[in-house]
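Colleague: Below: one structure in C-alpha cells.
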Amino acid sequence: MQKNLLLKTGIIVAILLIFVYGMLGPKLFSGEGLKAALLDRVHLGLDLKGGTHLILQVMVNDAVGAQSDHASELLKDELQKAKIAYADIGKLDNQPEKVVIKGVPVDAVSTLRGIIRDRLPEYDMSAGTDNSWVLTMKPQVLADLKDRTLEQSIEAIRTRVDSLGVSER
C-alpha cells in the first residue's frame, strides 16, 4: 500500500514539473529568466488583472415618470374622497411629466382645480380634448427633479466606488 502511494505521488510530481517546464521553458533555472518567462508567457485575463470597465446611465425620465405615477395615485385618492367621478387617470405616451384626467364632469372642475392647487402645486392644469384635463409638471420643478436625480445617482456611485476601494478615472 505504501509503495503504491509513493508511486502515485512520484507520477503527480513528475507531471507537474513537466507542465511547469512547458509553461516557463529553459529560463526556469535562473532568477531573471524565471521572471522574464512569467511576464512573457503567462498572460493574465482581465479578471485576474483586477480591471473592470463600467458604463452607468442615469434614467432621469424614470424618476419623472415615478413622480407622475405618484401624482396619478394621489389624484385618484383625492377624487374618490371628494366623490368625483372620472373615466381614467394616466400619463401621456413619451411625456412622463404629463398626467391626463379623463371624464371629469363639468360641475366638478372647480373642485378638481382646488385639489390640484392644494395637493399638487408642482403641476399646471390645462384643458385637453374630449372632456379631459392635462396636468403638466412646471418647468422649474421638472429641472430640479432631474438635477436631484442626477446628483443622487452620482453620490450613490461614488459611495459604492469608495466602499469597493476602486479608483476613479
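The values are calculated or read from the model by the stated rules, or taken from the named source; none is laboratory data. None of the values given here were measured: they were computed from a predicted structure. No Cβ is skipped: glycine too gets one built from the backbone with ideal geometry, and neighbour counts run over all protein chains shown.
Colleague: Val60 versus (1) modelled with pLDDT of 90 or more; (2) crowded, with 17+ Cβ neighbours inside 10 Å; (3) of a type in the set (A, V, I, L, M): which is the lone unmet condition?
Modeller: (1)
Colleague: Are any residues in the range 76-116 in contact (Cβ under 8 Å) with a residue 40 or more places away in the chain and over 20 Å from Leu145 (Cα atoms), and if so, which ones?
Modeller: Selection gives Glu78, Ile115.
Colleague: Hey, among the residues in the range 117-147 that are in contact (Cβ under 8 Å) with a residue 40 or more places away in the chain and over 16 Å from Lys91 (Cα atoms), which one's nearest to the chain's Cα centre (by Cα)?
Modeller: Lys146
Colleague: Within the range 91-107, identify whether any single residue is assigned to a helix (DSSP H, G or I), closer than 16 Å to Asp118 by Cα and not hydrophobic (A, V, I, L, M, F, W, C), and answer yes or no.
Modeller: So far as the range 91-107 goes, no, none of its residues is assigned to a helix (DSSP H, G or I), closer than 16 Å to Asp118 by Cα and not hydrophobic (A, V, I, L, M, F, W, C).
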